Structure formats: structure tokens, C-alpha cells
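Structure first, then comments.
The values are calculated or read from the model by the stated rules, or taken from the named source; none is laboratory data. Remember, predicted model here, so these are calculated numbers, not experimental data. When we count neighbours, we look across all protein chains shown, and the Cβ atoms used for this are built from the backbone with ideal geometry, even at glycine.
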């Protein structure tokens, strides 16, 4: 076991040393600025993840974000899906050289608004991931075929 732990530590160190990252500060682009534009911080961050993945791989990425439902006894979580038709449309607009800044702003605003609505629904117990999981679980318990 000790040798396995040491090997895992070495593998971890190798991965950490291979990571290349940079932090860039964009003057004037901060939380207050984003809020002043009527955008949610989390939504903007999630859309940057979507856009980065789209720019790298040319496709949208299914993304999981946890919503804490503390109103339930003992709490539980629901899934917020950042990848939506609006986030995909935003990525396409941002990657179209003929898109104007106003086109990009409108697409971002719409995608962030959709993300905010999905977040609100998840926090209020109106998400669908956990419901679908429960249906799948029950079907498997009953030996039913899954679609």
C-alpha cells in the first residue's frame, strides 16, 4: 500500500508539473462591470467555459454544475446544464468573423439569461436531471427496458 501511495504521489506531481496556465487581468472587466450590464457572474463564467471549449474543439460541451437545494431536509443537489441551445448559438456568433459586437452582446445576454433561468429552476426543485435519474433507477429495479 505504501508503494502505491508513493507512486500515486509521483504521478500527481508529474501531472501538476505538466499543467501550463496563465492568469490575465482585463482592466475594467470585473464583477461590478458585469453586474452593471445586467448579467449574472456565474452565467458569464459558464459561458466562457462553453466558448473556450467550442473554440478549442468546435463543439459544445455537456457541462454539469451543482445547484444546492438547502430547502430540502438534509439538503440535496440538482444539476444545472450550462450547455443549451442559447449557449451553442452564442458560441457560433462569437466564432463568426462577420458578427458585430452588438450581435455578440445580444447572444451572450440571451445565453446568460437562459442559464440564470435554468439555475433558478434547479434551485427551486424544478430541474429534470434528478427526476430522470429516479425514473431510470425505478425502471432498472423493476427490470424494465430503458428507452
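Can you spot a residue in the stretch 108-129 that is in a helix (DSSP H, G or I), free of Cβ contacts under 8 Å to residues at least 60 places away in the same chain, within 19 Å of residue 60 (Cα to Cα) and touching a helix residue (DSSP H, G or I) at 6+ places or on another chain (Cβ under 7 Å)? Scanning the stretch 108-129 turns up at least one residue that is in a helix (DSSP H, G or I), free of Cβ contacts under 8 Å to residues at least 60 places away in the same chain, within 19 Å of residue 60 (Cα to Cα) and touching a helix residue (DSSP H, G or I) at 6+ places or on another chain (Cβ under 7 Å). Of all residues in the stretch 130-147, those satisfying the criterion of being free of Cβ contacts under 8 Å to residues at least 40 places away in the same chain and part of a helix (DSSP H, G or I) are 131, 132, 133, 134, 135, 136, 137, 138, 139, 140, 141. For residue 87, the requirement of being assigned to a helix (DSSP H, G or I), touching a helix residue (DSSP H, G or I) at 6+ places or on another chain (Cβ under 7 Å) and either modelled with pLDDT of 95 or more or surrounded by fewer than 13 Cβ atoms within 10 Å (Cβ to Cβ) (or both) is met. Right, residue 61: surrounded by 14 or more Cβ atoms within 10 Å (Cβ to Cβ), more than 20 Å from residue 29 (Cβ to Cβ) and in contact with a strand residue (DSSP E or B) (Cβ under 7 Å, 6 or more places away or on another chain) or not? Taking the combined requirement at face value, the residue does not satisfy it.
Kindly check whether there is at least one residue in the stretch 58-81 that is assigned to a helix (DSSP H, G or I), modelled with pLDDT of 90 or more and either in contact with a helix residue (DSSP H, G or I) (Cβ under 6 Å, 6 or more places away or on another chain) or more than 22 Å from residue 127 (Cα to Cα) (or both). No, every residue in the stretch 58-81 fails to be assigned to a helix (DSSP H, G or I), modelled with pLDDT of 90 or more and either in contact with a helix residue (DSSP H, G or I) (Cβ under 6 Å, 6 or more places away or on another chain) or more than 22 Å from residue 127 (Cα to Cα) (or both). Number of residues in the stretch 93-104 that are in a helix (DSSP H, G or I) and free of Cβ contacts under 8 Å to residues at least 24 places away in the same chain: the value is 5.
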